[in-house]
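Okay, so here's the structure we're looking at.
Derivation of every value follows stated rules applied to the coordinates shown; laboratory data play no part. None of the values given here were measured: they were computed from a predicted structure.
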Amino acid sequence: MKLIESTQNELMQQAISKFRDKAVLIQQQFNQPGYRLWSICQSITSGYAPIHRMESSMMMSADMNSKSAPAALESWQ
C-alpha cells in the first residue's frame, strides 16, 4: 500500500507542476500579474474509473448520430 500511495503522491506532484507551468503560460499570454485557484476537485486516489460507462455512452452517441435525420434548413429571402 505504501508503494501505491508513494506513486500516487509522485504523480500528483508532477501533475501539479505541469498545471502550474500551463497556468503561468496562460497568465503571461493574457498579460496578467498572476492567477488564483478557486476550485479543486481531487479524485485521483478514489480508485474508481467508470471506463465502461464512457465507452457505452460514446457508442450510443455514435449510433444515434448515424441514425439521425438530416437537419431542417430554412432559407432567408
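Data overview
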{"quantity": "Added length on full extension, which subtracts the Cα-Cα distance from 0.36 nm per residue, Gln27 to Ser39", "calculated": "2.6 nm"}
{"quantity": "Under the Karplus curve 6.51 cos²θ - 1.76 cosθ + 1.60, θ = phi - 60°, whole-Hz ³J(HN,Hα) for region 34-40, x wherever Gly or Pro sits", "calculated": "x, 9, 9, 8, 10, 8, 9"}
